[in-house]
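The values are calculated or read from the model by the stated rules, or taken from the named source; none is laboratory data. Computed from a predicted model, the values in this text were never measured in an experiment. All Cβ positions, even for glycine, are placed from backbone atoms using ideal geometry, and neighbour counts span all protein chains on display.
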Amino acid sequence: AQKVTQAQTEISVVEKEDVTLDCVYETRDTTYYLFWYKQPPSGELVFLIRRNSFDEQNEISGRYSWNFQKSTSSFNFTITASQVVDSAVYFCALSEGGLTGGGNKLTFGTGTQLKVEL
Amino acid sequence: DAGVTQSPTHLIKTRGQQVTLRCSPKSGHDTVSWYQQALGQGPQFIFQYYEEEERQRGNFPDRFSGHQFPNYSSELNVNALWLGDSALYLCASSPGGRGTDTQYFGPGTRLTVL
């Protein structure tokens, strides 16, 4: 069975600080996909990134960066120079869906509430 | 390009009643998934529809049922509501059911059961 653990329930930082959100996953499959979503107070989940299990390259997109390490089953998310608009709940998710279809349900962690204050 | 839309936005029901929630997928998407998100929790997968058939199902009782129409829109039905069904119900669409297909979410329907 697949499982995602986000041990940090809530993080508070001051604007311009860097912050890292942790994500640890469990799966028996060799092919899987990892995601990060942002949920602002409005409730809608906003897609941020998808990584597949064959690509361990770190990725940077503006102030966001992601560190994928299969050896530790982790997919951590770092926000550099945080801003108040980054305040939201962030979810890490795992899909074991293969390339042939059959379904791609997402298993989510419990989320990390990030509060960025002035 | 319209994203995923859901209706209604909010709903209040009493125990024992039945409810129907609706979802229209993003343009070009043919797969719809439904999730239940209780307060302070991560979304839990209910089921996924593709080609008008339920393709995957999570650990939810038969009181939860769904339907997908030829235009790919979908409904989630919940019978015999009880207090524990109070949650945010999220619909997501994707261009297929493969692991590589990213799911895009709608704004959700907030259901309150009294």
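What number of residues in segment B:50-63 are touching a strand residue (DSSP E or B) at 6+ places or on another chain (Cβ under 7 Å) and modelled with pLDDT of 95 or more?
2
Got a sec? Which strands (runs of 3 or more DSSP E) wholly within segment A:54-118 have at least 3 residues that are in contact with an Asp or Glu (Cβ under 8 Å, 6 or more places away or on another chain)?
A:64-69, A:74-79, A:112-117
Out of all the residues in segment B:1-24, which are surrounded by fewer than 11 Cβ atoms within 10 Å (Cβ to Cβ) and within 16 Å of B:GLN36 (Cα to Cα)?
B:THR9, B:HIS10
Please indicate, with yes or no, whether at least one residue in segment B:2-24 is touching a helix residue (DSSP H, G or I) at 6+ places or on another chain (Cβ under 7 Å) and among the charged types (D, E, K, R).
For segment B:2-24, residues touching a helix residue (DSSP H, G or I) at 6+ places or on another chain (Cβ under 7 Å) and among the charged types (D, E, K, R): present.
Pull up segment A:10-35, narrow it to residues that are part of a loop (DSSP other than H, G, I, E, B) and not charged (D, E, K, R), then point me to the one that is modelled with the highest pLDDT.
Checked segment A:10-35; the qualifying residue modelled with the highest pLDDT is A:CYS23.
Only one of these conditions is not met by B:ILE46: (1) under 26 Å from A:VAL89 (Cβ atoms); (2) more than 14 Å from chain A (Cβ to nearest Cβ); (3) part of a strand (DSSP E or B). Which number is it?
The one condition B:ILE46 does not meet is (2).
Looking at (1) surrounded by fewer than 16 Cβ atoms within 10 Å (Cβ to Cβ); (2) at positive phi, which is the only condition B:PRO61 fails?
Looking at each condition in turn, B:PRO61 falls short on (2).
If you scan segment B:24-43, which residues turn out to be touching a residue at least 40 places away in the same chain (Cβ under 8 Å), part of a loop (DSSP other than H, G, I, E, B) and more than 10 Å from chain A (Cβ to nearest Cβ)?
Scanning segment B:24-43 gives B:PRO25, B:LYS26, B:GLY28, B:HIS29, B:ASP30, B:ALA38, B:LEU39.
Which of the residues spanning segment B:9-25 are within 22 Å of A:PRO41 (Cα to Cα) and of a type in the set (D, E, K, R)?
Passing the criteria: only B:ARG22.
Could you check, for segment B:76-87, whether at least one of its residues is within 14 Å of chain A (Cβ to nearest Cβ), under 14 Å from B:THR109 (Cβ atoms), in contact with a strand residue (DSSP E or B) (Cβ under 6 Å, 6 or more places away or on another chain) and β-branched (Val, Ile, Thr)?
The answer is no, given that none of the residues of segment B:76-87 is within 14 Å of chain A (Cβ to nearest Cβ), under 14 Å from B:THR109 (Cβ atoms), in contact with a strand residue (DSSP E or B) (Cβ under 6 Å, 6 or more places away or on another chain) and β-branched (Val, Ile, Thr).
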